[in-house]
Amino acid sequence: TANNTVLVPVKTAQNGFRVDAFNGAGGTPKYVVSSDYILPNHVWVPSYNPCIVAGPSGTRMYYAGAGGTIWHVDNVDSNTPGTPVREVFYTSLANYGASAAAYNATIFVNTPLTADASGNVYFGFRVQGTAPAPLSTTQSGYARIDANGNGVYVLAGTASGDPTATLVSHNPAPVLSNDNNTLYVVVRGTSTSTFGYLLGLNPTTLATKYSVQLKDPRNGNPALISDNGTASPMVAPDG
């Protein structure tokens, strides 16, 4: 953080996750924040990356939880930060709580978290099987949660305009343009990882602005978009 708190995601035994906070000047431990995050099916363990934004009470940290939910903690520079708050992008917190086991078994955050200057956070999610209502889908997608906990999402097939491209690979972080007017994301084939698109989305509505099929620059063949990698879009300083 700007005040030199170092926030470190940690993988624990039995595929558990937490975030440890340290004083950056001397490495002194400050606190530990636990998470109920559950990994999706994987070969390589997907990355677990929180993010920080300017919150209403000091710096806010977002970090992934179970069932596609996102936790946040305010005032993370304190030795005693705020109480963790769970945000749900697809339904109310009460509805999530009433069917948590079903949501936790089918919906998984599977990318790093990306935040903009206004405190909105963006991430990809993977669906295994069929997600319960109101998602009611087998498709993966991307979601946005604003600073007040309001969520919006788009399914991969809808965003790509291609019903054969409905998966979000593990690890590719959403990326914002320098003016924060475009969110870049990647989707891939439903039945193959050697086919997919780079999409530019409206960062408020997640409506698709444009798309391009990803190609191998050496030969023009469809690019491999693997679950076992960490490639993400990147915006250069010149846009």
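At a glance:
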{"item": "Qualifying positions in the stretch 135-156 - open to solvent by less than 20 Å² (accessible area, probe 1.4 Å) and free of Cβ contacts under 8 Å to residues at least 24 places away in the same chain", "result": "Thr137"}
{"item": "Number of positions in the stretch 49-73 that are touching a residue at least 40 places away in the same chain (Cβ under 8 Å), touching an Asp or Glu at 6+ places or on another chain (Cβ under 6 Å) and farther than 21 Å from Gly27 by Cα", "result": "3"}
{"item": "Members of the stretch 33-47 found to be among the aromatic types (Phe, Trp, Tyr), open to solvent by 20 Å² or more (accessible area, probe 1.4 Å) and under 15 Å from the mean Cα position of the chain (by Cα), listed by number", "result": "none"}
{"item": "In the stretch 85-114, the residues that are touching a residue at least 40 places away in the same chain (Cβ under 8 Å), aliphatic (A, V, I, L, M) and surrounded by 15 or more Cβ atoms within 10 Å (Cβ to Cβ)", "result": "Val88, Ile107, Val109, Leu113"}
{"item": "Given (1) open to solvent by 40 Å² or more (accessible area, probe 1.4 Å); (2) aromatic (Phe, Trp, Tyr); (3) in contact (Cβ under 8 Å) with a residue 12 or more places away in the chain; (4) more than 27 Å from Ser99 (Cα to Cα), index of the condition Tyr210 fails", "result": "(3)"}
{"item": "Test result for Gly124, under 19 Å from Glu87 (Cβ atoms) and in a strand (DSSP E or B)", "result": "yes"}
{"item": "Flag if Ala117 is farther than 19 Å from Pro40 by Cα, of a type in the set (Gly, Ala, Ser), without any contact (Cβ under 8 Å) to a residue 60 or more places away in the chain and surrounded by fewer than 15 Cβ atoms within 10 Å (Cβ to Cβ)", "result": "no"}
{"item": "Filter result (in contact with a Pro (Cβ under 7 Å, 6 or more places away or on another chain) and not in a loop (DSSP other than H, G, I, E, B)) within the stretch 88-107", "result": "Ala102, Tyr103"}
{"item": "Flag for Val76 being in contact (Cβ under 8 Å) with a residue 40 or more places away in the chain and either surrounded by fewer than 19 Cβ atoms within 10 Å (Cβ to Cβ) or in a loop (DSSP other than H, G, I, E, B) (or both)", "result": "yes"}
{"item": "Any hit, the stretch 167-181, residues being among the polar types (S, T, N, Q) and either touching a Cys at 6+ places or on another chain (Cβ under 8 Å) or within 19 Å of Asn41 (Cβ to Cβ) (or both)", "result": "yes"}
{"item": "Leading residue by the ranking (farthest from Leu167 (Cα to Cα)) among those in the stretch 22-44 that are in a strand (DSSP E or B) and aliphatic (A, V, I, L, M)", "result": "Val32"}
{"item": "Residue within the stretch 54-64 that is at pLDDT below 95, among the aliphatic types (A, V, I, L, M) and touching a strand residue (DSSP E or B) at 6+ places or on another chain (Cβ under 9 Å) present", "result": "yes"}
{"item": "Qualifying residue in the stretch 224-233 (condition: open to solvent by 50 Å² or more (accessible area, probe 1.4 Å) and free of Cβ contacts under 8 Å to residues at least 24 places away in the same chain)", "result": "no"}
{"item": "Flag for Phe125 being without any contact (Cβ under 8 Å) to a residue 60 or more places away in the chain, crowded, with 22+ Cβ neighbours inside 10 Å and closer than 21 Å to His42 by Cβ", "result": "yes"}
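The values are calculated or read from the model by the stated rules, or taken from the named source; none is laboratory data. Quick caveat, the model's predicted, so the values are computed rather than measured. Positions of Cβ are generated from backbone atoms using ideal geometry, with glycine treated the same way; all protein chains shown enter the neighbour counts. Just so you know, the surface numbers come from the protein's heavy atoms only, side chains and all, with ligands and any DNA or RNA stripped out. Shrake-Rupley method; radii C 1.70, N 1.55, O 1.52, S 1.80 Å.
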